[in-house]
Amino acid sequence: MNSVQQFDPATDLGTPGVLSDAVVNVVIDGIEIQVPEGTSVMRAAAIAGAPVPKLCATEQLEAFGSCRLCLVEIEGRRGTPAACTTLCEPGMSVRTQSSQLDRLRKGVMELYISDHPLDCLTCSANGDCELQDMAGVVGLRTVRYGEGDNHLTAPTDASNPYFSFDASKCIVCSRCVRACDEVQGTFALTIAGRGFDSRVSPSEEQAFFDSECVSCGACVQACPTATLQEKRVIDVGVPTRQVKTTCAYCGVGCSFVAEMKGNEVVRMVPDKTGGANAGHSCVKGRFAWGYASHADRITEPMIREHREDSWQVVSWEQAIAFAAERFQTIQRVHGTDAIGGITSSRCTNEEVYVVQKMVRAAFGTNNVDTCARVCHSPTGYGLKQTFGTSAGTQDFASIDEADAIMVIGANPTDAHPVFGSRMKQRLRQGADLIVIDPRATDLVRSPHIVAKHHLPLMPGTNVAVLNAMAHVVVTEDLVADAFVAERCDATSFAHWKAFVALPENSPEAIAELAGLSPESIRHAARTYASAHNGAIYYGLGVTEHSQGSTMVMAMANLAMATGNIGRRGVGVNPLRGQNNVQGACDMGSFPHEFAGYRHVSDDSVRQQFADIWGVSLREDPGMRIPNMLDGAIAGHFRGLYVQGEDIAQSDPNTHHVTAALQAMDCVVVQDLFLNETAKYAHVFLPGTSFLEKDGTFTNAERRINRVRPVMPPRSGKAEWQVTCDLSAAMGYPMDYPNSAAIMDEIAALTPTFAGVSFSYLDKVGSVQWPCNDSAPLGTPIMHEQRFVRGSGQFMTTPYVPTDERTTRKYPLVLTTGRILSQYNVGAQTRRTDNQRWHGEDLLDIHESDAQLRGIANGDWIEVASRAGTTRLRARISSAIPAGVVYTTFHHPVSGTNVITTDNSDWATNCPEYKVTAVEVRPAGGMSP
Amino acid sequence: MTAATVMTSHRLVAMANQIANNVPSREGVAEQVAHHMQQFWTPPMRRELQLLAQSEPELFDAAVLDAVALAPV
């Protein structure tokens, strides 16, 4: 007897799989098989090895039953039902082949082909077209219908930069429309007209580029013909080989199949077996990879004596020797701790690991930090204090069982789009949505979704609002007493309960401060606490505050108090900004801890590393990035190795950052491009794009995924090899035969990675840490039986207002964020056609604030804070409340971080990007 | 001492005071601050804070002054 698991999951089985404990036995063409109850005949037939011809069906979408090609015969039934919309029933006997079915299917295909260009040999989808395949399968040889009305001259819409829509080839199967609805959740496409006039229409018969389409590529993926086709395929032809790898943009970490022609990428196709994305993608991962071959790529090492000099191209050996000599000179003159390094969340675990190892072992200091310092360092701190480990609790699929979803300070449809789509699928199924965000993000109201509660709180009041929600939980008897008694520390719970129950933490007490009504806070708290499964998802709107760590602990408290930890559908889930933020933190990039979040002062842990590394290691914490920058200005920190991070654009208070960089004697930048930081560098070491890397990324759900090279490194060297060369030149050789050997060392030293190796990942696809003898298959859900720290620890979370106050001089609060088409500082996306959607950063301002200042939509305005001044164009927006302004930071010319301040989280020094007091006034032109 | 050094030194004081204001419990604040500095601050930063505590105690939250006395460098 066959079972589902025995079949290649990459085969499209026609309709989605069904999760059911009940099974039914059916016979398909004489083969008896068992399938889960609710399985379609089409899927069962495919499983039985008797696939039924199909056009409108794909397992990514619900059955639709429009093409009439999948007709079958069922014993004891009249007619020829569609296999896609007919469900298996016990004892059902199905015939997929008969002379009658052959005749019917051929007739259907004949009708399709009679209104389809017969240009297969020159069609861009030749060899990759389901219509062509099905014509072959049904044995169509002639078309009897002569010329008549047809769509053969229908126009092509080439407005989208990445794909075109050739209406002459459309068979109106609605797969694109359904993909936009069911998978992406944007509802940008529809079928306009009726009967013969039916046609696919973006929005209200607009061009794709002008429509609501978000260019996720789901429609292109779903199209069974050449109608929706990647322009790259049209230009260069169909690919000839493929390599599975992982996207290098956000923390969702989507799996992709890189489809290649030689060493040239033809297209990136989302991998439906990908654990994080299940076949979906966004505009960045699907299409915006052209930066990897952009003319701005620097592929040769360069040095310069002084930063005012021109760059000089040199050999690798010269560049490495120059950097090593400078670093060693600095250490001789200014001491061991006068240099340090920064690791990058855009690099693989293996690349990050060797950089932090070089700093600790070759430099002899713990002065290593990572770009997570400026995004999710409070997550690591807060979740470790409460749960015992510095990571989110769930896998992404867990949201499919959430009944109330609370999104705090996150905009997943823009910043984590593929997970955002999954979240929207659950919301359309009826889960309640609570959005806590100053802005009315897209989630608050989108097609078929309306947030049950939107709390547009004033930036900087997160902790006060969460405490007020907790107040409601403990004073309205909404605590999950049994969970708390069994799983949590009783003493800390008692302290916390008494604290949040104080009148000063009631919704009524903090409502005015937060700019909310007390009732809205109470209703939101009740919705979350009374849901069967309540899940929290959060982003940088939580962490990038002076109380970022406190807020993370406040969310953890609330989840524990309501019993929303340790099973599917619940949890506290950080939406990580970059693809490998989790991994970079896991790999020991923070100055106080080794890989696996173990403090450098722990003698036994330090000895393990010292034994394997063959060097004595420091027991004192090193400097964080802001400490290094302050140290540079003070004169005692003189040299910095920066791996793949543009601190001169991404870090707050640009004047302070650049002053620090200018004060250093040696700055080494390892990157793809001459970024803003490289303006202050003495050595440039060319890096590798994700298409050239061999390693692993760890996404926001702790999923370790392989990153496989699809082409050789353009610079001739892998990044980890360059780091090893520099380490050797500094007197500490690191000899690895390949990056797999680096992972083997990581596994040997990191208990949560003990079971991880490249060969294991190649076998299983991906795995979520902890992966070790206790959990050989990984751990999708954390804290199921007990918290990592034992009992859950409640932490009292007093609200402390930020020092960044609005005044008469700076009366508005600036908050920042990302947009869908661009990514962080834009180094990658600005070098793609994504520029067409967002060519500049704009300042969103509420109409009343704009009117008060005489500002009209599109006007140039000056934004001034206590840290600096910049100029942007204004956009009048109803998405933000009066008193708040908002912008993105994707373009260096905008200088957004010129105006953000040095204020930071009390525990981790994560910058307070989300609260800057500013004034906005009309200006005559843009920044010089 | 240069202006830059003064500025960064005062940032250390501000950071320490901020920690004192934010540690979770209002009981044993000095101990919590001392523990935090042990965990996350470099010895030179702690030494510098000690010197500042002696020379400019008026800049300090009282709990930080107590913490400095508790935190070995």
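By how many nm would the segment from A:Thr273 to A:Thr122 lengthen if fully extended, with 0.36 nm per residue of separation less the alpha-carbon distance?
Values: separation 151, 0.36 × 151 = 54.36 nm, distance 3.15 nm.
My answer for the length gained is 51.2 nm.
Quick one: pull the percent of accessible area on chain A belonging to carbon and sulfur, 1.4 Å probe, ligands and nucleic acids left out.
On the way: 15830 of 32120 Å².
The computed percentage sits at 49.
Rounded to a whole number of µm²/s, how large is the Stokes-Einstein D of the stretch A:624-718 at 37 °C and 0.692 mPa s, given Rh as the Kirkwood radius over C-alpha pairs?
Details: Rh = 14.7 Å.
Answer, rounded: 223 µm²/s.
Angle check, please: helix A:462-475 long axis (alpha carbons) against the longest principal axis of chain A (alpha carbons), in degrees 0 to 90, nearest 10.
70 degrees
Let me check I've understood the local charge: for A:Arg606, count other residues with C-beta under 15 angstrom from its C-beta, Lys and Arg +1, Asp and Glu -1. What total comes out?
Working: positive: A:Lys357, A:Arg360, A:Arg598, A:Arg618; negative: A:Glu593, A:Asp602, A:Asp603, A:Asp611, A:Glu619, A:Asp620.
So the environment of A:Arg606 carries a net charge of -2.
How big is the Rg/Rh ratio for chain A, C-alpha atoms only, Rh by Kirkwood, two decimals? All intermediate terms of the calculation are to be shown ahead of the outcome.
Details: Rg = 28.6 Å, Rh = 29.2 Å.
Taking Rg over the Kirkwood Rh, I get 0.98.
Taking 7 Å along the Cα-to-C-beta vector as the label spot, tell me the A:Phe196-B:Leu70 distance in nanometres, rounded to one decimal.
In this crude label model, A:Phe196 to B:Leu70 measures out at 8.6 nm.
Using a Förster distance of 22 Å, how high is the FRET efficiency between A:Glu205 and A:Ala154, based on the Cβ-Cβ distance and rounded to 0.05? Can you show the working numbers first?
On the way: r = 13 Å, r/R0 = 0.59.
For R0 = 22 Å, the calculated efficiency reads 0.95.
Kirkwood-based Rg over Rh for the stretch A:239-281 (C-alpha set), two decimals? Mind dumping the intermediate values first?
Details: Rg = 10.2 Å, Rh = 10.3 Å.
Expressed as Rg/Rh, it is 0.99.
Averaging the inverse of every distinct alpha carbon separation and then flipping it gives the Kirkwood radius. What is it for the stretch A:770-869, in angstrom units?
Working: mean 1/r = 0.0516 Å⁻¹.
Its Kirkwood hydrodynamic radius stands at 19.4 Å.
What list of whole percents do you get for P(r) of the stretch A:385-574, with Cα-Cα distances grouped in 10 Å bins up to the one holding the largest distance?
Answer for the stretch A:385-574: a P(r) of 10, 40, 39, 11, 0 percent.
Name the residues whose placed amide hydrogens come within less than 5 Å of the amide hydrogen of A:Leu71, ignoring near sequence neighbours (fewer than 5 apart) on the same chain.
A:Ala83
Give a residue-ordered list of calculated ³J(HN,Hα) values for the stretch A:799-816 (Karplus: 6.51 cos²θ - 1.76 cosθ + 1.60, θ = phi - 60°; whole Hz; x for Gly, Pro).
With the stated coefficients, the stretch A:799-816 comes to 7, 10, x, 5, 6, 7, 9, 6, 9, 5, 6, 10, x, 9, 10, 8, 10, 10 Hz.
Under a 5 Å amide H to amide H cut-off, with H placed in plane at 1.01 Å, what residues pair with A:Leu455 once short-range neighbours are removed?
HN-HN under 5 Å from A:Leu455: A:Val435, A:Ile436, A:Asp437.
Averaged over A:903-909, how many beta carbons belonging to a partner chain fall within 10 Å of each residue's beta carbon?
Values: counts 2, 4, 2, 10, 8, 1, 3.
So the per-residue partner count for this stretch is 4.
If you add up the charges near A:Arg702, with Lys and Arg at +1 and Asp and Glu at -1, over every other residue whose beta carbon is less than 9 angstrom from its beta carbon, what do you get?
Details: positive: A:Arg703; negative: A:Asp395, A:Asp586, A:Glu701.
With Lys, Arg at +1 and Asp, Glu at -1, the net is -2.
With a cut-off of 8 Å between alpha carbons and a minimum separation of six or more residues, what is the relative contact order of chain A in percent?
Numbers: 2188 pairs, mean separation 118.1, N = 928.
For chain A, the relative contact order is 13 percent.
Could you tell me which of rounded, prolate or oblate describes the stretch A:139-237, using a ≥ b ≥ c as the square roots of the eigenvalues of the alpha-carbon gyration tensor, with rounded for a/c under 1.5 and, failing that, prolate when a/b is larger than b/c and oblate otherwise?
Numbers: a/c = 1.74, a/b = 1.40, b/c = 1.24.
Prolate, because a/c is 1.5 or more and a/b exceeds b/c.
For peptide A:546-559, how many partner chain Cβ atoms fall within 10 Å of a residue's Cβ, on average? Mind dumping the intermediate values first?
Working: counts 3, 3, 0, 2, 3, 0, 0, 1, 0, 0, 0, 0, 0, 0.
Neighbouring Cβ atoms belonging to other protein chains average 1 per residue here.
Which percent of Cα pairs goes in each bin when the distances of the stretch A:812-922 are cut into 5 angstrom slices starting at zero?
P(r) for the stretch A:812-922, in whole percents per bin: 2, 13, 22, 23, 19, 13, 6, 2, 0.
Can you give the translational diffusion coefficient of the stretch B:3-70 in µm²/s, computed by Stokes-Einstein from the Kirkwood radius over Cα pairs at 4 °C and 1.567 mPa s? Intermediate results must be reported in sequence, preceding the final value.
Working: Rh = 11.7 Å.
The estimated diffusion coefficient comes to 110 µm²/s.
Could you name the lysines whose alpha carbon sits less than 23 Å from that of A:Lys424, not counting residues in the same chain fewer than 8 places away?
Partners found: A:Lys272, A:Lys284, A:Lys452.
Name the long-range amide H neighbours of A:Arg875: under 5 Å, sequence gap of 5 or more, or other chain; modelled H, no Pro or chain starts.
Here the answer is A:Leu843, A:Asp844, A:Ile845, A:Gly858, since their amide H atoms fall under 5 Å of that of A:Arg875.
Any idea of the total accessible area buried by the A-B contact, 1.4 Å probe, rounded to 100 Å²? All intermediate terms of the calculation are to be shown ahead of the outcome.
On the way: alone 33120 and 4510 Å², together 35550 Å².
Roughly 2100 Å².
Tabulate in residue order the Karplus-calculated ³J(HN,Hα) for the stretch B:37-44, using 6.51 cos²θ - 1.76 cosθ + 1.60 with θ = phi - 60°, rounded to whole Hz; enter x for Gly and Pro.
5, 4, 6, 10, 9, 6, x, x
A 24 angstrom limit on the alpha carbon distance is what I want to check against. Which of A:Lys106/A:Lys261; A:Lys54/A:Lys763; A:Lys106/A:Lys169; A:Lys169/A:Lys231 exceed it?
On the way: A:Lys106/A:Lys261 35 Å; A:Lys54/A:Lys763 31 Å; A:Lys106/A:Lys169 19 Å; A:Lys169/A:Lys231 15 Å.
Those over the limit are A:Lys106/A:Lys261; A:Lys54/A:Lys763.
Give me the accessible area per residue for chain A, probe 1.4 Å, as a whole number in Å². Provide the component values of the computation, followed by the final result.
On the way: 32120 Å² over 928 residues.
I get 35 Å² per residue for this part.
Can you list the residues in the stretch B:8-31 whose accessible area drops by at least 40 Å² when all protein chains are present, compared with the chain alone? Use a 1.4 Å probe, heavy atoms only.
At a threshold of 40 Å² (probe 1.4 Å), the residues of the stretch B:8-31 that become less exposed are B:Thr8, B:Arg11, B:Met15, B:Gln18, B:Asn22, B:Pro24.
Within the set of other residues whose C-beta is less than 13 Å from the C-beta of A:Val23, count the net charge using Lys and Arg as +1 and Asp and Glu as -1.
Values: positive: none; negative: A:Asp21, A:Glu32, A:Glu37, A:Glu89.
Result for the local shell: -4.
How large is ³J(HN,Hα) for each residue in the stretch B:45-51, as worked out from phi by the Karplus curve 6.51 cos²θ - 1.76 cosθ + 1.60 (θ = phi - 60°), to whole Hz, x for Gly and Pro?
5, 5, 5, 5, 5, 4, 4
The values are calculated or read from the model by the stated rules, or taken from the named source; none is laboratory data. Computed from a prediction, not measured in an experiment: that's the story for all the values here. Glycine also receives a Cβ, built like all others from the backbone with ideal geometry; neighbour counts cover every protein chain displayed. Surface accessibility is based on the protein's heavy atoms, side chains included, excluding ligands, DNA and RNA. Shrake-Rupley method; radii C 1.70, N 1.55, O 1.52, S 1.80 Å.
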